[in-house]
1. Restricting attention to the range 161-171, does a residue exist that is closer than 18 Å to Tyr96 by Cβ and out of contact with any strand residue (DSSP E or B) (no Cβ under 7 Å at 6 or more places or on another chain)?
2. Every residue in the range 154-176 that is touching a residue at least 40 places away in the same chain (Cβ under 8 Å) and either open to solvent by 40 Å² or more (accessible area, probe 1.4 Å) or not in a helix (DSSP H, G or I) (or both), please.
3. Taking Gly140 as the residue in question, decide whether it is surrounded by fewer than 17 Cβ atoms within 10 Å (Cβ to Cβ) and touching a Lys or Arg at 6+ places or on another chain (Cβ under 6 Å).
4. From the list Val186, Val154, exactly one residue is of a type in the set (Val, Ile, Thr) and modelled with pLDDT of 90 or more. Which is it?
5. Do the conditions hold for Glu216, that is, is it buried (at least 16 other Cβ atoms within 10 Å of the Cβ) and touching a Pro at 6+ places or on another chain (Cβ under 6 Å)?
6. Anything in the range 72-91 that is in a loop (DSSP other than H, G, I, E, B), crowded, with 18+ Cβ neighbours inside 10 Å and either touching a residue at least 40 places away in the same chain (Cβ under 8 Å) or hydrophobic (A, V, I, L, M, F, W, C) (or both)? List them, or say none.
7. Restricting to the range 177-223, name every residue that is aromatic (Phe, Trp, Tyr) and within 22 Å of Lys160 (Cβ to Cβ).
8. Can you name the residue in the range 222-239 that is out of contact with any Cys (no Cβ under 8 Å at 6 or more places or on another chain) and among the polar types (S, T, N, Q) and is also least open to solvent (accessible area, probe 1.4 Å) among such residues?
Amino acid sequence: MLEQKNMMDAVYSGILPACTSCGFAPVFKEDMDKKLPAVYSRDTASVIDFASEKGKLRVVFSNNRIHLLSCAPDVVADDDSMYNLDGTYLMLLDEYDAKDVRSVVNEMSEQITETYKKKTKIVSKKGAPSTVSKAAVRGGSSFDSYTLASKLAVVYPELKPALHENVEKYGDFLCEDFFLNHANPVIKMTLTENNPNKMKKLFTLLGEMYEDGTNECQSLIAVTVIGEICQENKNLMTQIIPYLTDTMLEPVTTIMQHLSASKSARTRLAHPPTYKPKKQKKGLMDKLMGSAMQQGNLQQQ
């Protein structure tokens, strides 16, 4: 169990390097000791402020959520009404531990750096894909399959070597290989264990990736991950339904019905086509998603 003050002190210390590297300095109120973290209380919330010539940042913890806010440098407001919401992170004090705090700190630091610091793009010799940031999504981009895999590798660090090897082996990211052979077994352990803390953390990520993801990213989540893991164990499907977003619920249940009724679809899912780098074809997951959606539309007519 986390104490609110200790958690926010850790968040402050964790994001301070990223803020400093982007030109932001902590804002201390008159009665605050500058040798201590710049965290203050506002009603039941805890707040941290940073400022620079680029703008202002505010971190607010309230109702089991950490909100990252920003505004222009000349905005004057004690409340949050003039701030933009840049990110929201789940933080369950009764269930999370120091490892979860570090994970949130890493995401916030990445968000701050992606938004405010110009970075030189480093491309590996194999041309590894780059991830899509939340800032890019707000600008109109969508999360892709590699970003989904990278985010999962943060939740499950044991997946990082497999992700790296996948890119090195194929010269790009082959999503079917990574998810079916590496990510799914790890995710299945979480679903089988059915620990509320781990389930919330996993499906908060999957929900975010699905809501703002490409069609391929949505197909991976609905078909390759949930469909493949749950099609042989209906009890797992029952367990995950409370964690699905409203947007995910109908496609996922339709796909599950399609996989249950079609042996050929289950076979294609278990044995995707051999990788052929020079041939550009519509992906297996897109075909399954399209077939499932078509079946669902026919049933509604």
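The values are calculated or read from the model by the stated rules, or taken from the named source; none is laboratory data. What you are looking at is a predicted structure, and each value in this text was computed from that prediction instead of being measured. Note that we place each Cβ from the backbone using ideal geometry, even for glycine, and neighbour counts take in every protein chain shown. Areas reflect the complete protein model, heavy atoms only, side chains present, ligands, DNA and RNA absent. Shrake-Rupley method; radii C 1.70, N 1.55, O 1.52, S 1.80 Å.
1. So the first thing to find is which residues in the range 161-171 are closer than 18 Å to Tyr96 by Cβ, and the list is none.
No, because not a single residue in the range 161-171 is closer than 18 Å to Tyr96 by Cβ and out of contact with any strand residue (DSSP E or B) (no Cβ under 7 Å at 6 or more places or on another chain).
2. Taking the range 154-176 and keeping what is touching a residue at least 40 places away in the same chain (Cβ under 8 Å), we get 154-155, 167-168, 170-176.
Val154, Glu168, Tyr170, Gly171, Asp172, Phe173, Leu174 - these are the residues of the range 154-176 that are touching a residue at least 40 places away in the same chain (Cβ under 8 Å) and either open to solvent by 40 Å² or more (accessible area, probe 1.4 Å) or not in a helix (DSSP H, G or I) (or both).
3. Numbers: surrounded by fewer than 17 Cβ atoms within 10 Å (Cβ to Cβ): yes; touching a Lys or Arg at 6+ places or on another chain (Cβ under 6 Å): no.
Answer is no for this residue.
4. On the way: Val154 fails: modelled with pLDDT of 90 or more.
Unique residue meeting the criteria: Val186.
5. Values: buried (at least 16 other Cβ atoms within 10 Å of the Cβ): yes; touching a Pro at 6+ places or on another chain (Cβ under 6 Å): no.
Taking the combined requirement at face value, the residue does not satisfy it.
6. To start, the set of residues in the range 72-91 that are in a loop (DSSP other than H, G, I, E, B) comprises 72-83, 91.
In the following step, the residues that additionally are crowded, with 18+ Cβ neighbours inside 10 Å were identified as 83, 91.
Residue satisfying the conditions is Met91 alone.
7. Start the filter on the range 177-223 by keeping residues that are aromatic (Phe, Trp, Tyr), which leaves 178-179, 203, 210.
Those that are aromatic (Phe, Trp, Tyr) and within 22 Å of Lys160 (Cβ to Cβ): Phe178, Phe179, Phe203.
8. First, the residues of the range 222-239 that are out of contact with any Cys (no Cβ under 8 Å at 6 or more places or on another chain): 222-223, 225-235, 238-239.
With the extra rule that they be among the polar types (S, T, N, Q), the set shrinks to 231, 233, 235, 238-239.
Numbers: Gln231: 28, Asn233: 58, Asn235: 110, Thr238: 95, Gln239: 55 Å².
Ranking the qualifying residues of the range 222-239, first place goes to Gln231.
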